[in-house]
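Here, each number is a calculation from the coordinates, and none is a lab measurement. Source: prediction; values computed, not measured. With ideal geometry, Cβ positions are generated from the backbone for all residues, glycine too; neighbour counts draw on all protein chains shown.
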């Protein structure tokens, strides 16, 4: 094997796991990150990581169930082969993390303890206190430091990825990046490039994400020709702590450990929560969703909290929307052992001890289900073909995307504790795919033509210089960012309406033009955070436009994308025959809607119009046929009955020719 | 309790923030004073955000925005350490209401003094990460293939390891430590980046490791597989800048934002190195 080099952009769980796997396979890695990799946003993940496990298995769980929960929770927008591969790898991922020293919580006998998370009825989630992301990240950071000490990995921390280098055939041959300290712009030639740069919560101004989650790296790949999938699918987490600079996450594990969500039945009851008797509390999730209770999938919990505050007027406070998340019925010792980290965050930032007083929480933008479109190769058993070069490759040859910045695994809504899994799994899984891709290329990273490098450098150098010189503009990038964030939060979060989306699109066009005319208060060439931020803000707009247009065109409700004007109603009739007829009609409409919208939204950037072009891609649902998502719907039993009959009929029909063939 | 008291005094319309600034490494630092409009629930991060958006001193002079480092804003990434009103801490969890309770006149922000300043409040913590490499703070597994689970561990062991594993490499313990002194080198005119880096690494490797790294060494020595490097780690802890450099001031443990029992780790390291030294003497 010739000397190979891969550039990995981003050092969260996905970036670190692919880096250590590549190093193990003998490939040298240049690892670029905006921040020391140990400080990447994965550190904020709290609740845990899912896998089928010995105990759950004996209660009826299986990897197949994990796949089923994931695609059902994701409203069937997920391509199923990657999800299947992930679910079957999950127990192995946990085992490896265990070997790497992650201090998972233990049972009395010393096994890895598990808790329940949203969207499943099994205890599938392994956890390390309430800082599981931090603990996983540190274990991988340590392994990469080990590879670094062996000379296989070179880290470039505080470097900003500016864009891929494409050769004359369109293949990605490396990246251009900028040192955020010295402001030097240079090329990193490579045999292949992996972007693992996380989500884009900063498009919404305030979210649960870290300050680096601007989405700029994905946007730069998008503008360079990589397609973007399912941009409109943004997860709004049901429980966050409102704040001036950030909305801090309050993990789903709080509900996984028994936390209950409620509001006083009397609007804005002035009594302190502990004085409100049980009968005067409205546990609305438990009442509305008896089966899953407080652990309904996130999109549903978020909409219900929103509904309680906005439509029912039952917010605890009058001047700001919030509901109670109550843990006070659980013993302090147990809370400290299993949730200590997140309870400390609440206590530090809010000044109230959640062990003794219910927390006040409200939904916040949390996760991008959408991301760079990436390919996969299906195996004979319906999973992924290991080592196939196209696994996780974007529409730019040689450019891979993994982790939150790709569009696989989570469909229209991500289940809690599946993201850490998807990051680590995809990083480990594509190591061999990249090696086999790189081995079959003619020109290696050392043979990259200097003219190609010079041309790519020139583009980014001139952009940088133009920004510093000001170009006669007078716009403030911080204020533009704030305006964009306010607008996106208003129209593209929990509830979406077409008139609002249309208006927002024209406002975003204006803002985009203004963003191109920013004037910087710092025009120096040393640790200029101002210019780095201005570039990131400019690059938010192609993403924002793709999210808004995708949302506008998708006239349906699916997972996190909720348009009340296109909501399918519950059944109204109590009379059995009529109810049955309504259920038949409901299922007809459901099928017709799937024919139209059960497709990935694919955005392609059009530099001439400065707008995304949107097309649709069929989804591989070959393993589990899509079925209605009926959490809490009135008449769900009748619809399910009708649906099951239809599904059985279809199955029988599909089997007949196969049987005939076998004879 | 760090959180705001419920009986808050009436708040001012605005308040003063004094920042110790420095344009580039090795140059003179200077103070600048800013006026920031008061808002509910502000922390030092949101104060710096307002300063960045306005970039104007109290006398109306246009200046470059103050540079600073931050990440998660929920005290788990370790980025935003700085010295606030004379005390090292994370700026995200430094709430303005509390700071104004302590000192209504102004909030004073300075970079950490034990690390080279890159610009303003941004400092270079390479040495801190290098120390983790020196003590080989990792579990030396054979491979990343599927080899089944790790060794079973009792809850007690997990409960001992987890607190140490929460160290976010923020550097507060090092700032507070009298024995941890600044190592700052300047790149020579004719020196390449690689040669400069090698010179820096050599300088770091002869200086004090610091409480964080000693604690990580003990964490990994306590792991069933991590233990296989115990002897190498103890050699490092006995070498230059090792555990003997600790002056037992115990400042580290009192400033740690994660309340990690650093002095317990140091004491364990002290005992372990003594036993290790005796063993080595007998094996000679």
- Query: Roughly how tilted is helix A:477-491, in degrees to the nearest 10 and between 0 and 90, from the longest Cα axis of chain A?
  - Reply: 30 degrees
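Could you put A:183, A:20 in order, starting from the residue whose Cβ has the fewest other Cβ atoms within 10 Å?
Ranked by crowding around the Cβ, least crowded first: A:183, A:20.
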- Item | Relative contact order %, region B:73-178, counting alpha carbon pairs below 8 Å whose residues are six or more apart | 31 percent
- Message: Just checking the output field for A:341-353: average partner chain Cβ neighbours within 10 Å of each residue's Cβ?
- Response: 5
- Query: Rounded to the nearest 0.05, what FRET efficiency is calculated for residue A:333 and residue B:113 with R0 set to 56 Å and r the Cβ-Cβ distance?
  - Reply: 0.90
- Message: Under 8 Å for C-alpha pairs, at least 6 residues apart: give me the relative contact order for region B:14-119, rounded to a whole percent.
- Response: 33 percent
- Task: Would you please report the Å³ per residue occupied by the convex hull of the alpha carbon atoms in the protein assembly as shown?
- Result: 187 Å³
- Pick from B:169, B:64, B:143: which is most flexible by mean-square fluctuation in a GNM of chain B where alpha carbon atoms under 10 Å apart are linked? B:143
- Please order B:133, A:304 by the number of other Cβ within 10 Å, starting at the fewest. B:133, A:304
- Query: What average number of partner chain Cβ atoms lie no more than 10 Å from the Cβ of the residues making up B:155-168?
  - Reply: 6
- Message: Order A:184-195, B:95-106, B:188-199 from most to least packed using the mean count of other Cβ atoms within 10 Å.
- Response: A:184-195, B:95-106, B:188-199
- Message: From zero outward in steps of 10 Å, how is the percent of C-alpha pairs of region B:178-284 spread across the bins?
- Response: 14, 38, 30, 15, 4
- Task: Let me know the shape class of region A:238-365, please: from the alpha-carbon gyration tensor, a ≥ b ≥ c as square roots of the eigenvalues, rounded when a/c is under 1.5, otherwise prolate if a/b is greater than b/c, or oblate.
- Result: rounded
- Query: Relative to the longest principal axis of chain A, what angle (0 to 90°, nearest 10) does the C-alpha long axis of helix A:450-469 take?
  - Reply: 70 degrees
- Pairs of Cα atoms under 8 Å, at least six residues apart: use those to get the relative contact order of chain A, whole percent. 20 percent
- Note on the structure: Quick shape summary for region A:53-212, equivalent ellipsoid via Cα gyration tensor, semi-axes whole Å in descending order, reads 36, 21, 17
- What does the average come to when, for each residue of peptide A:142-152, you count the partner chain Cβ atoms lying within 10 Å of its Cβ? 3
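After finding the eigenvalues of the alpha carbon gyration tensor for region B:14-119, what semi-axes result from the square roots of 5 times each, listed largest first in whole Å?
Numbers: eigenvalues 73, 65, 32 Å².
Rounded to whole Å, the semi-axes are 19, 18, 13.
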- Task: Tally the DSSP beta bridges in chain A and give the antiparallel ones as a percent, rounded to 5.
- Result: 70 percent
- Task: Based on other C-beta atoms within 10 Å, arrange A:633, B:209 from fewest to most.
- Result: A:633, B:209
- Query: Does a label point 7 Å from the Cα of residue B:201, set along Cα-to-beta-carbon, have any residues of region A:31-75 with amide nitrogen under 20 Å, and which are they?
  - Reply: A:31-33, A:36-38
- How many nm separate the modelled label positions at residue A:649 and residue A:503, each set 7 Å beyond the Cα in the direction of the Cβ? 4.6 nm
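Quick one: divide the alpha-carbon radius of gyration of region A:336-381 by 2.2 N^0.38 Å and tell me what you get. Intermediate results must be reported in sequence, preceding the final value.
Working: Rg = 19.4 Å, N = 46, 2.2 N^0.38 = 9.4 Å.
Compactness ratio reported: 2.06.
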- Compactness relative to 2.2 N^0.38 Å, alpha carbon Rg of chain B: 1.16
- Between residue A:641 and residue B:283, the two model label points (7 Å from Cα along the beta-carbon direction) sit apart by a distance in nm of 7.6 nm
- Query: Can you give the angle from 0 to 90° between the axis of helix A:636-662 and the longest principal axis of chain A, with both taken from C-alpha atoms, to the nearest 10?
  - Reply: 60 degrees
- Note on the structure: Taking R0 as 60 Å and r as the Cβ-Cβ distance between residue A:463 and residue A:575, the FRET efficiency 1/(1 + (r/R0)^6), rounded to the nearest 0.05, comes to 0.35
- Query: Hey, rough spin-label estimate for residue A:613 and residue A:318, points 7 angstrom out along Cα→Cβ, what's it come to in nanometres?
  - Reply: 5.5 nm
- Message: With every atom except the alpha carbons ignored, what do you get for Rg and Dmax of region A:267-332, in angstroms?
- Response: 12.4, 35
